[in-house]
Amino acid sequence: MPKTSSPIVGLDIGTGSVRVVMVELIDGEVEIVGLGEVESRGLRKGVISRPDLAVEAIRRAVESAERTSGLEVSHVCVGLAGAHIRGENNEGRIAVPGRHREIAKEDIDRVIETACAISLQGGREIADVLPQEYTVDDQDGIDDPLGMLGSRLAVSVHILTSPVAAKQSIVSSVNRAGLHVADLYLAHLASAEAVLSEDDREYGAAAINIGAETTSLAIYQRGAVWHSAIFPIGGSHFTNDIAVGLRTSMPEAERIKRTSGCASHLLLNGSAASEPVEVPGLGGKGPRVVSRQILSDILEPRAEELLSHVQEEIRRSGFDRQLSSGIVLTGGGALLRGMNEVAEQVFNAPVRLGIPERFVGFGNQFEPAAFSTAVGLAMHSARREMSSGVDHQQRRSSEGSGNAGFGDRLKSFFGIR
Ligand SMILES: Nc1ncnc2c1ncn2[C@@H]1O[C@H](COP(=O)(O)OP(=O)(O)OP(=O)(O)O)[C@@H](O)[C@H]1O
Ligand SMILES: [Mg+2]
(Lines give C-alpha, C1' and ligand atoms only; values in the text may rest on other atoms or scores of the structure.)
(Ligands and ions follow the chains in the order given, each with its own letter.)
Protein backbone atom coordinates (compact mmCIF):
# COMPACT_ATOMS: atom_id res chain seq x y z
CA MET A 1 0.00 0.00 0.00
CA PRO A 2 1.59 3.32 -1.04
CA LYS A 3 1.72 5.62 1.96
CA THR A 4 3.08 8.95 0.86
CA SER A 5 1.25 11.90 2.33
CA SER A 6 -0.80 13.03 5.27
CA PRO A 7 -4.39 14.11 4.55
CA ILE A 8 -6.74 16.23 6.67
CA VAL A 9 -8.69 13.81 8.82
CA GLY A 10 -11.91 14.00 10.84
CA LEU A 11 -12.36 11.32 13.54
CA ASP A 12 -15.81 10.81 15.05
CA ILE A 13 -15.69 8.46 18.03
CA GLY A 14 -19.41 7.68 18.37
CA THR A 15 -21.17 5.34 20.76
CA GLY A 16 -22.36 3.09 17.93
CA SER A 17 -19.60 3.58 15.34
CA VAL A 18 -16.18 5.15 14.93
CA ARG A 19 -15.90 6.99 11.61
CA VAL A 20 -13.00 8.54 9.75
CA VAL A 21 -13.12 11.01 6.86
CA MET A 22 -9.97 11.95 4.94
CA VAL A 23 -10.03 15.01 2.65
CA GLU A 24 -7.41 16.11 0.18
CA LEU A 25 -6.77 18.39 -2.75
CA ILE A 26 -6.86 16.42 -5.99
CA ASP A 27 -6.62 18.04 -9.42
CA GLY A 28 -7.49 21.41 -7.98
CA GLU A 29 -10.55 20.17 -6.09
CA VAL A 30 -10.99 19.29 -2.46
CA GLU A 31 -12.28 15.77 -2.25
CA ILE A 32 -13.05 13.08 0.24
CA VAL A 33 -10.33 10.53 -0.43
CA GLY A 34 -10.88 7.98 2.28
CA LEU A 35 -13.58 6.78 4.63
CA GLY A 36 -13.47 4.33 7.48
CA GLU A 37 -16.24 2.95 9.65
CA VAL A 38 -16.19 0.28 12.32
CA GLU A 39 -18.49 -0.71 15.13
CA SER A 40 -17.61 1.21 18.27
CA ARG A 41 -16.70 -0.32 21.60
CA GLY A 42 -16.04 1.10 25.04
CA LEU A 43 -18.31 4.17 24.92
CA ARG A 44 -21.43 5.15 26.84
CA LYS A 45 -23.55 8.10 25.79
CA GLY A 46 -20.72 9.55 23.73
CA VAL A 47 -18.12 9.24 26.50
CA ILE A 48 -15.23 6.78 26.63
CA SER A 49 -15.92 4.27 29.41
CA ARG A 50 -13.45 1.51 28.40
CA PRO A 51 -10.34 3.15 26.88
CA ASP A 52 -8.74 -0.16 25.83
CA LEU A 53 -11.74 -1.04 23.65
CA ALA A 54 -12.10 2.50 22.31
CA VAL A 55 -8.40 2.61 21.31
CA GLU A 56 -8.81 -0.62 19.40
CA ALA A 57 -11.91 0.67 17.56
CA ILE A 58 -10.12 3.93 16.65
CA ARG A 59 -7.17 1.94 15.30
CA ARG A 60 -9.40 -0.26 13.17
CA ALA A 61 -11.41 2.68 11.80
CA VAL A 62 -8.26 4.57 10.82
CA GLU A 63 -6.76 1.48 9.23
CA SER A 64 -9.85 0.91 7.14
CA ALA A 65 -9.76 4.55 5.91
CA GLU A 66 -6.06 4.16 5.12
CA ARG A 67 -6.84 1.07 3.07
CA THR A 68 -9.50 2.88 1.00
CA SER A 69 -7.17 5.79 0.26
CA GLY A 70 -3.64 4.42 0.32
CA LEU A 71 -2.73 7.40 2.50
CA GLU A 72 -1.31 7.29 5.98
CA VAL A 73 -3.03 9.12 8.81
CA SER A 74 -0.83 10.83 11.39
CA HIS A 75 -2.91 13.78 12.66
CA VAL A 76 -6.66 13.92 13.26
CA CYS A 77 -9.32 16.42 14.22
CA VAL A 78 -11.32 14.55 16.82
CA GLY A 79 -14.82 15.29 18.09
CA LEU A 80 -15.68 16.07 21.69
CA ALA A 81 -19.12 14.62 22.42
CA GLY A 82 -21.39 13.42 25.19
CA ALA A 83 -24.44 14.49 27.13
CA HIS A 84 -22.21 16.19 29.73
CA ILE A 85 -21.42 19.04 27.29
CA ARG A 86 -23.33 22.23 27.95
CA GLY A 87 -23.78 25.36 25.90
CA GLU A 88 -24.57 28.78 27.33
CA ASN A 89 -24.50 32.37 26.12
CA ASN A 90 -22.65 35.23 27.75
CA GLU A 91 -21.56 38.78 27.01
CA GLY A 92 -18.41 40.77 27.53
CA ARG A 93 -17.61 44.45 27.15
CA ILE A 94 -14.46 46.55 27.30
CA ALA A 95 -13.40 50.15 26.80
CA VAL A 96 -11.05 50.54 23.84
CA PRO A 97 -8.08 52.53 25.20
CA GLY A 98 -7.00 55.65 23.32
CA ARG A 99 -9.24 58.22 21.70
CA HIS A 100 -11.44 56.73 19.02
CA ARG A 101 -8.80 54.46 17.54
CA GLU A 102 -9.15 51.43 15.27
CA ILE A 103 -10.12 48.20 17.00
CA ALA A 104 -7.18 45.78 16.95
CA LYS A 105 -6.97 41.99 17.25
CA GLU A 106 -5.82 42.38 20.87
CA ASP A 107 -9.04 44.27 21.71
CA ILE A 108 -11.12 41.47 20.19
CA ASP A 109 -9.17 38.83 22.12
CA ARG A 110 -9.61 40.83 25.31
CA VAL A 111 -13.38 41.31 24.94
CA ILE A 112 -13.84 37.58 24.23
CA GLU A 113 -11.76 36.77 27.31
CA THR A 114 -14.04 39.05 29.34
CA ALA A 115 -17.09 37.20 27.96
CA CYS A 116 -15.55 33.90 29.12
CA ALA A 117 -15.80 34.92 32.78
CA ILE A 118 -18.43 32.36 33.80
CA SER A 119 -18.57 30.33 36.98
CA LEU A 120 -17.48 26.78 36.28
CA GLN A 121 -18.41 23.79 38.42
CA GLY A 122 -15.44 21.82 39.73
CA GLY A 123 -13.88 19.50 37.16
CA ARG A 124 -15.36 21.39 34.20
CA GLU A 125 -13.58 23.55 31.67
CA ILE A 126 -14.42 25.74 28.72
CA ALA A 127 -14.14 23.55 25.62
CA ASP A 128 -14.79 26.28 23.07
CA VAL A 129 -16.03 29.85 22.72
CA LEU A 130 -17.85 30.99 19.59
CA PRO A 131 -18.43 34.71 19.06
CA GLN A 132 -21.98 35.51 17.91
CA GLU A 133 -21.87 39.25 17.23
CA TYR A 134 -20.09 42.42 18.29
CA THR A 135 -21.26 45.87 19.24
CA VAL A 136 -19.00 48.87 18.61
CA ASP A 137 -20.18 51.89 20.60
CA ASP A 138 -23.93 51.81 19.84
CA GLN A 139 -23.76 49.88 16.59
CA ASP A 140 -24.75 46.24 17.08
CA GLY A 141 -24.92 43.16 14.83
CA ILE A 142 -21.30 43.42 13.69
CA ASP A 143 -19.64 40.19 12.46
CA ASP A 144 -16.05 41.43 12.58
CA PRO A 145 -15.09 44.68 14.29
CA LEU A 146 -11.40 44.58 13.29
CA GLY A 147 -10.29 47.99 12.01
CA MET A 148 -13.52 49.78 13.00
CA LEU A 149 -13.35 53.04 14.93
CA GLY A 150 -14.84 52.98 18.40
CA SER A 151 -14.30 53.50 22.09
CA ARG A 152 -16.48 50.67 23.45
CA LEU A 153 -16.47 47.07 22.28
CA ALA A 154 -18.94 44.37 23.33
CA VAL A 155 -19.37 40.77 22.23
CA SER A 156 -21.93 38.02 22.76
CA VAL A 157 -20.59 34.46 22.74
CA HIS A 158 -21.76 30.85 22.90
CA ILE A 159 -19.62 28.99 25.44
CA LEU A 160 -19.33 25.22 25.49
CA THR A 161 -18.23 23.57 28.73
CA SER A 162 -17.26 19.98 29.36
CA PRO A 163 -15.69 17.86 32.11
CA VAL A 164 -11.88 18.07 31.97
CA ALA A 165 -11.74 14.27 32.10
CA ALA A 166 -13.75 13.83 28.88
CA LYS A 167 -11.22 15.71 26.80
CA GLN A 168 -8.29 14.02 28.50
CA SER A 169 -9.63 10.54 27.83
CA ILE A 170 -10.28 11.33 24.16
CA VAL A 171 -6.80 12.76 23.63
CA SER A 172 -5.11 9.87 25.45
CA SER A 173 -7.14 7.24 23.54
CA VAL A 174 -6.29 8.86 20.20
CA ASN A 175 -2.61 9.01 21.20
CA ARG A 176 -2.66 5.38 22.31
CA ALA A 177 -4.03 4.51 18.86
CA GLY A 178 -0.79 6.00 17.47
CA LEU A 179 -2.22 9.34 16.30
CA HIS A 180 -1.66 13.01 17.10
CA VAL A 181 -4.58 15.29 17.89
CA ALA A 182 -4.21 18.19 15.46
CA ASP A 183 -7.48 19.69 16.65
CA LEU A 184 -10.44 18.99 18.89
CA TYR A 185 -13.90 20.35 18.11
CA LEU A 186 -17.40 19.93 19.43
CA ALA A 187 -18.89 16.95 17.57
CA HIS A 188 -22.44 18.35 17.51
CA LEU A 189 -21.30 21.63 15.94
CA ALA A 190 -19.14 19.78 13.39
CA SER A 191 -22.15 17.71 12.39
CA ALA A 192 -24.38 20.80 12.08
CA GLU A 193 -21.81 22.67 9.99
CA ALA A 194 -21.50 19.71 7.60
CA VAL A 195 -25.22 19.64 6.81
CA LEU A 196 -26.32 23.28 7.06
CA SER A 197 -25.68 25.56 4.11
CA GLU A 198 -24.40 29.08 4.53
CA ASP A 199 -27.96 30.31 3.93
CA ASP A 200 -29.36 27.93 6.58
CA ARG A 201 -26.88 29.30 9.09
CA GLU A 202 -27.67 32.86 8.11
CA TYR A 203 -31.50 32.71 8.04
CA GLY A 204 -31.93 30.35 10.99
CA ALA A 205 -31.93 26.56 11.21
CA ALA A 206 -31.72 23.82 13.82
CA ALA A 207 -29.53 20.78 13.16
CA ILE A 208 -30.44 17.68 15.14
CA ASN A 209 -28.04 14.72 15.14
CA ILE A 210 -29.66 11.50 16.33
CA GLY A 211 -26.89 9.10 17.30
CA ALA A 212 -26.92 5.73 19.03
CA GLU A 213 -27.14 6.99 22.63
CA THR A 214 -27.16 10.77 22.27
CA THR A 215 -29.12 13.37 20.33
CA SER A 216 -27.70 16.84 19.81
CA LEU A 217 -29.21 20.16 18.90
CA ALA A 218 -27.46 23.20 17.42
CA ILE A 219 -29.32 26.38 16.48
CA TYR A 220 -27.73 28.78 14.00
CA GLN A 221 -28.77 32.26 12.98
CA ARG A 222 -26.95 35.21 11.40
CA GLY A 223 -24.04 32.82 10.79
CA ALA A 224 -23.50 31.99 14.48
CA VAL A 225 -24.47 29.38 17.08
CA TRP A 226 -27.12 30.69 19.48
CA HIS A 227 -28.09 27.57 21.34
CA SER A 228 -26.83 24.01 21.67
CA ALA A 229 -27.69 21.00 23.80
CA ILE A 230 -27.04 17.27 23.98
CA PHE A 231 -29.56 14.74 25.31
CA PRO A 232 -28.85 11.20 26.54
CA ILE A 233 -31.32 9.54 24.14
CA GLY A 234 -30.78 8.07 20.69
CA GLY A 235 -31.45 5.31 18.21
CA SER A 236 -30.53 2.51 20.62
CA HIS A 237 -33.63 3.37 22.67
CA PHE A 238 -35.77 2.48 19.64
CA THR A 239 -33.89 -0.82 19.29
CA ASN A 240 -34.34 -1.52 22.98
CA ASP A 241 -38.10 -0.84 22.72
CA ILE A 242 -38.36 -3.41 19.92
CA ALA A 243 -36.28 -5.98 21.84
CA VAL A 244 -38.44 -5.59 24.96
CA GLY A 245 -41.76 -5.16 23.15
CA LEU A 246 -41.33 -8.09 20.78
CA ARG A 247 -39.15 -10.24 23.09
CA THR A 248 -36.19 -10.62 20.80
CA SER A 249 -32.42 -10.03 21.06
CA MET A 250 -30.86 -6.58 20.60
CA PRO A 251 -29.05 -7.55 17.36
CA GLU A 252 -32.31 -8.93 15.90
CA ALA A 253 -34.21 -5.84 17.09
CA GLU A 254 -31.58 -3.65 15.37
CA ARG A 255 -31.92 -5.60 12.12
CA ILE A 256 -35.73 -5.47 12.25
CA LYS A 257 -35.67 -1.73 12.95
CA ARG A 258 -33.48 -1.03 9.92
CA THR A 259 -35.20 -3.36 7.45
CA SER A 260 -38.87 -3.06 8.45
CA GLY A 261 -39.16 -0.26 11.01
CA CYS A 262 -41.23 2.86 10.37
CA ALA A 263 -41.77 5.64 12.91
CA SER A 264 -44.79 7.20 11.20
CA HIS A 265 -48.18 5.57 10.61
CA LEU A 266 -48.62 8.09 7.76
CA LEU A 267 -46.23 6.04 5.63
CA LEU A 268 -47.95 2.73 6.35
CA ASN A 269 -50.99 3.05 4.18
CA GLY A 270 -52.89 0.21 2.55
CA SER A 271 -51.25 -3.18 2.56
CA ALA A 272 -47.94 -1.89 4.01
CA ALA A 273 -49.46 -1.84 7.52
CA SER A 274 -50.27 -5.55 7.45
CA GLU A 275 -46.98 -6.70 5.88
CA PRO A 276 -45.55 -9.49 8.06
CA VAL A 277 -42.28 -9.14 9.96
CA GLU A 278 -40.62 -12.28 11.32
CA VAL A 279 -39.28 -11.87 14.83
CA PRO A 280 -36.80 -14.54 16.10
CA GLY A 281 -37.58 -15.63 19.65
CA LEU A 282 -35.36 -15.60 22.73
CA GLY A 283 -33.89 -18.56 24.59
CA GLY A 284 -34.65 -21.19 21.95
CA LYS A 285 -38.24 -20.01 21.38
CA GLY A 286 -39.38 -20.15 17.76
CA PRO A 287 -39.98 -17.05 15.62
CA ARG A 288 -43.21 -15.04 15.73
CA VAL A 289 -44.78 -12.96 13.02
CA VAL A 290 -46.02 -9.42 13.70
CA SER A 291 -47.32 -6.78 11.31
CA ARG A 292 -45.34 -3.67 10.40
CA GLN A 293 -48.18 -1.74 12.07
CA ILE A 294 -47.31 -3.32 15.43
CA LEU A 295 -43.65 -2.42 14.89
CA SER A 296 -44.66 1.13 14.06
CA ASP A 297 -46.86 1.29 17.18
CA ILE A 298 -43.66 0.67 19.18
CA LEU A 299 -41.45 3.12 17.28
CA GLU A 300 -43.80 6.08 16.80
CA PRO A 301 -44.26 7.03 20.49
CA ARG A 302 -40.48 6.84 21.02
CA ALA A 303 -39.87 9.11 18.00
CA GLU A 304 -42.48 11.56 19.29
CA GLU A 305 -40.96 11.51 22.77
CA LEU A 306 -37.40 12.12 21.55
CA LEU A 307 -38.33 14.89 19.14
CA SER A 308 -40.73 16.56 21.60
CA HIS A 309 -37.86 16.73 24.05
CA VAL A 310 -35.80 18.58 21.44
CA GLN A 311 -38.78 20.79 20.52
CA GLU A 312 -39.17 21.77 24.18
CA GLU A 313 -35.50 22.80 24.26
CA ILE A 314 -35.91 24.86 21.06
CA ARG A 315 -38.97 26.54 22.57
CA ARG A 316 -37.06 27.33 25.77
CA SER A 317 -34.24 28.83 23.69
CA GLY A 318 -36.74 31.32 22.21
CA PHE A 319 -35.76 30.45 18.64
CA ASP A 320 -38.83 28.37 17.79
CA ARG A 321 -40.29 31.06 15.54
CA GLN A 322 -37.01 32.10 13.99
CA LEU A 323 -35.94 28.97 12.12
CA SER A 324 -36.71 30.13 8.57
CA SER A 325 -34.62 27.36 7.02
CA GLY A 326 -36.33 24.75 9.16
CA ILE A 327 -35.05 21.64 10.87
CA VAL A 328 -32.31 19.35 9.57
CA LEU A 329 -32.14 15.81 10.94
CA THR A 330 -28.88 13.92 10.61
CA GLY A 331 -26.89 11.08 12.22
CA GLY A 332 -27.63 7.36 11.90
CA GLY A 333 -30.83 7.64 13.97
CA ALA A 334 -32.33 10.03 11.40
CA LEU A 335 -32.30 7.16 8.87
CA LEU A 336 -35.23 5.44 10.54
CA ARG A 337 -38.08 5.54 8.04
CA GLY A 338 -40.83 7.98 9.04
CA MET A 339 -38.57 10.11 11.26
CA ASN A 340 -38.98 13.16 8.99
CA GLU A 341 -42.78 12.82 9.01
CA VAL A 342 -42.94 12.63 12.82
CA ALA A 343 -40.54 15.58 13.06
CA GLU A 344 -42.70 17.73 10.75
CA GLN A 345 -45.66 17.15 13.04
CA VAL A 346 -43.74 17.76 16.25
CA PHE A 347 -41.89 20.89 15.07
CA ASN A 348 -44.61 22.17 12.75
CA ALA A 349 -41.79 23.28 10.44
CA PRO A 350 -40.10 22.04 7.27
CA VAL A 351 -37.78 19.10 7.99
CA ARG A 352 -35.14 17.51 5.78
CA LEU A 353 -32.48 14.82 6.09
CA GLY A 354 -29.04 16.42 6.39
CA ILE A 355 -26.42 14.88 4.16
CA PRO A 356 -22.91 16.31 4.01
CA GLU A 357 -22.06 17.79 0.63
CA ARG A 358 -19.54 16.13 -1.63
CA PHE A 359 -20.36 12.69 -0.36
CA VAL A 360 -21.08 11.49 -3.91
CA GLY A 361 -19.38 8.28 -4.92
CA PHE A 362 -19.36 6.87 -1.44
CA GLY A 363 -23.13 6.78 -0.92
CA ASN A 364 -23.53 3.15 -1.92
CA GLN A 365 -21.01 1.87 0.55
CA PHE A 366 -21.63 4.27 3.41
CA GLU A 367 -24.66 6.13 4.76
CA PRO A 368 -23.85 9.83 4.18
CA ALA A 369 -26.07 11.14 7.01
CA ALA A 370 -24.21 8.97 9.52
CA PHE A 371 -20.95 10.60 8.41
CA SER A 372 -21.97 14.22 9.02
CA THR A 373 -19.93 14.56 12.23
CA ALA A 374 -16.74 13.09 10.73
CA VAL A 375 -17.09 15.25 7.57
CA GLY A 376 -17.68 18.33 9.74
CA LEU A 377 -14.57 17.59 11.79
CA ALA A 378 -12.45 17.29 8.62
CA MET A 379 -13.96 20.59 7.39
CA HIS A 380 -13.18 22.26 10.69
CA SER A 381 -9.59 21.08 10.55
CA ALA A 382 -9.21 22.31 6.96
CA ARG A 383 -10.59 25.72 7.97
CA ARG A 384 -8.15 25.94 10.87
CA GLU A 385 -5.23 25.14 8.60
CA MET A 386 -6.31 27.86 6.19
CA SER A 387 -6.74 30.50 8.85
CA SER A 388 -3.41 29.65 10.44
CA GLY A 389 -1.83 30.20 7.04
CA VAL A 390 -0.59 26.65 6.70
CA ASP A 391 -0.84 25.52 3.12
CA HIS A 392 -1.83 21.91 3.48
CA GLN A 393 -0.60 21.00 0.02
CA GLN A 394 2.79 22.52 0.73
CA ARG A 395 2.98 20.88 4.11
CA ARG A 396 2.39 17.44 2.82
CA SER A 397 4.23 17.43 -0.51
CA SER A 398 6.49 19.54 -2.66
CA GLU A 399 4.84 18.80 -5.97
CA GLY A 400 4.46 22.51 -6.61
CA SER A 401 1.78 22.93 -9.26
CA GLY A 402 -1.77 23.21 -8.02
CA ASN A 403 -0.78 24.99 -4.81
CA ALA A 404 -1.84 28.44 -5.94
CA GLY A 405 -5.28 29.40 -4.69
CA PHE A 406 -5.66 26.29 -2.53
CA GLY A 407 -7.12 28.33 0.29
CA ASP A 408 -9.66 29.95 -2.02
CA ARG A 409 -10.74 26.66 -3.52
CA LEU A 410 -11.05 25.12 -0.08
CA LYS A 411 -13.03 28.14 1.04
CA SER A 412 -15.45 27.91 -1.84
CA PHE A 413 -15.81 24.16 -1.36
CA PHE A 414 -16.69 24.55 2.27
CA GLY A 415 -18.76 27.68 1.70
CA ILE A 416 -16.59 29.71 4.02
CA ARG A 417 -16.75 33.45 3.79
N1 LIG B 1 -31.09 2.51 8.28
C2 LIG B 1 -31.33 2.77 9.56
N3 LIG B 1 -32.59 2.76 10.04
C4 LIG B 1 -32.84 3.01 11.33
N5 LIG B 1 -31.90 3.32 12.24
C6 LIG B 1 -30.64 3.34 11.82
C7 LIG B 1 -30.27 3.08 10.47
N8 LIG B 1 -28.93 3.20 10.36
C9 LIG B 1 -28.48 3.51 11.60
N10 LIG B 1 -29.48 3.60 12.47
C11 LIG B 1 -29.40 3.89 13.90
O12 LIG B 1 -28.56 4.99 14.11
C13 LIG B 1 -27.96 4.91 15.40
C14 LIG B 1 -26.49 5.18 15.28
O15 LIG B 1 -26.29 6.46 14.76
P16 LIG B 1 -24.82 7.05 14.68
O17 LIG B 1 -23.96 6.10 13.98
O18 LIG B 1 -24.95 8.43 14.14
O19 LIG B 1 -24.46 7.08 16.22
P20 LIG B 1 -23.06 7.33 16.93
O21 LIG B 1 -22.46 8.58 16.39
O22 LIG B 1 -22.23 6.11 16.84
O23 LIG B 1 -23.54 7.53 18.43
P24 LIG B 1 -23.56 8.83 19.37
O25 LIG B 1 -23.59 10.02 18.47
O26 LIG B 1 -24.79 8.71 20.19
O27 LIG B 1 -22.32 8.74 20.19
C28 LIG B 1 -28.21 3.50 15.89
O29 LIG B 1 -29.17 3.52 16.93
C30 LIG B 1 -28.75 2.77 14.67
O31 LIG B 1 -29.70 1.81 15.01
MG1 LIG C 1 -22.64 10.61 16.75
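The values are calculated or read from the model by the stated rules, or taken from the named source; none is laboratory data. Only a predicted model underlies this, so the values are computations on that prediction, with no experimental measurement involved. Counting neighbours? That spans all protein chains shown, and the Cβs are built from the backbone with ideal geometry, glycine included.
Odds and ends about this structure:
- Taken together, Leu306, Leu336, Leu323 contain a single residue that is within 16 Å of ligand 2 (Cβ to nearest atom), under 30 Å from His158 (Cα atoms), modelled with pLDDT of 95 or more and out of contact with any helix residue (DSSP H, G or I) (no Cβ under 6 Å at 6 or more places or on another chain), which is Leu306.
- Subset of region 325-342 [more than 10 Å from ligand 1 (Cβ to nearest atom) and not in a loop (DSSP other than H, G, I, E, B)]: Ile327, Val328, Leu329, Asn340, Glu341, Val342
- Long-range neighbours under 7 Å by Cβ, at least six apart or interchain, first residue at positive phi within region 91-109, second surrounded by 10 or more Cβ atoms within 10 Å (Cβ to Cβ): His100/Leu149; His100/Ser151
- Residue that is nearest to Ala382 (Cα to Cα), among those in region 43-59 that are more than 10 Å from ligand 1 (Cβ to nearest atom) and surrounded by fewer than 19 Cβ atoms within 10 Å (Cβ to Cβ): Arg59
- 2 or more residues of a type in the set (Val, Ile, Thr) and away from ligand 1 (no atom under 16 Å from the Cβ): qualifying strands (runs of 3 or more DSSP E) within region 95-202: 124-136, 152-163
- Qualifying positions in region 202-225 - more than 14 Å from ligand 2 (Cβ to nearest atom), of a type outside the set (Val, Ile, Thr) and touching a residue at least 60 places away in the same chain (Cβ under 8 Å): Tyr203, Gly204, Ala205, Ala206, Gln221, Arg222, Gly223, Ala224
- Region 31-53, residues that are outside any strand (DSSP E or B) and within 14 Å of ligand 2 (Cβ to nearest atom): Ser40, Lys45, Gly46
- Looking at Val290, Val279, Val351, Val342, just one residue is over 19 Å from the mean Cα position of the chain (by Cα), modelled with pLDDT of 95 or more, away from ligand 2 (no atom under 16 Å from the Cβ) and over 13 Å from Ile242 (Cα atoms), and that residue is Val342.
- Of the residues making up region 73-94, those that are surrounded by fewer than 22 Cβ atoms within 10 Å (Cβ to Cβ) and assigned to a loop (DSSP other than H, G, I, E, B) are Ser74, Ala83, His84.
- Screening Leu266 with (1) of a type in the set (A, V, I, L, M, F, W, C); (2) surrounded by 12 or more Cβ atoms within 10 Å (Cβ to Cβ); (3) more than 20 Å from Arg352 (Cβ to Cβ) gives one miss only, at (3).
- Residues satisfying the stated conditions in region 298-324, i.e. within 21 Å of Val195 (Cβ to Cβ) and not in a loop (DSSP other than H, G, I, E, B): Ala303, Leu306, Leu307, His309, Val310, Gln311, Glu313, Ile314, Ser317
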